[in-house]
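Below you'll find the structure, written out as structure tokens, and then a few comments.
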Amino acid sequence: MATNMSPQFEEKRFALRMALRLPIVVSGRADDGAAWSEPTETDDISTTGTLFHLNQKVQTGENLYLRSHRPDGVPVEVKARVVRVAPAVHGTSRVGVEIVESKENWLRLFVAWVADDQGEEES
């Protein structure tokens, strides 16, 4: 079926996505160069990125660092690029990021949590 939608409106999410509240710490640098760090949790994660709420103001294209842990306690830190920022409640922003590096570490984190979640459902 052909559509007349322009390319910017095409759905670009081809990654496996899962609603998961995963504690993360997001860090970056403010415009003045000062480092900041903020604990939050994911709204959902995918094999290529995640969506979360943030008090810190960020812009599309900005690089951030995300830290979390796999269910077995192994720490994971990745670099991510902001691809979407939307207003949310109480002055926060909903921030969507794409993992830049290490994509393999992020994929291991995703798979570990999906497997852990599936194990709980079967119990």
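The values are calculated or read from the model by the stated rules, or taken from the named source; none is laboratory data. This structure is a prediction, so every number in the text was calculated from the model and none was measured. No Cβ is skipped: glycine too gets one built from the backbone with ideal geometry, and neighbour counts run over all protein chains shown.
Hey, can you tell me all the residues within the range 61-77 that are of a type outside the set (Gly, Ala, Ser) and farther than 15 Å from LEU51 by Cβ?
GLU62, ASN63, TYR65, ARG67, HIS69, ARG70, PRO71, ASP72, VAL74, PRO75, VAL76, GLU77
Looking for something over 10 Å from the mean Cα position of the chain (by Cα) and either free of Cβ contacts under 8 Å to residues at least 60 places away in the same chain or assigned to a loop (DSSP other than H, G, I, E, B) (or both) - is there at least one such residue anywhere in the range 40-51?
Checking the range 40-51: at least one residue is over 10 Å from the mean Cα position of the chain (by Cα) and either free of Cβ contacts under 8 Å to residues at least 60 places away in the same chain or assigned to a loop (DSSP other than H, G, I, E, B) (or both).
Would you call ILE24 hydrophobic (A, V, I, L, M, F, W, C) and over 22 Å from HIS90 (Cα atoms)?
For ILE24, the condition - hydrophobic (A, V, I, L, M, F, W, C) and over 22 Å from HIS90 (Cα atoms) - is not met.
Under the condition of being modelled with pLDDT of 95 or more and of a type outside the set (D, E, K, R), which residue from the range 60-74 is surrounded by the most Cβ atoms within 10 Å (Cβ to Cβ)?
Within the range 60-74, the match that is surrounded by the most Cβ atoms within 10 Å (Cβ to Cβ) is LEU66.
Taking only the range 8-39 into account, find how many residues are in a loop (DSSP other than H, G, I, E, B), in contact with a strand residue (DSSP E or B) (Cβ under 8 Å, 6 or more places away or on another chain) and either of a type outside the set (A, V, I, L, M, F, W, C) or at pLDDT 90 or above (or both).
3
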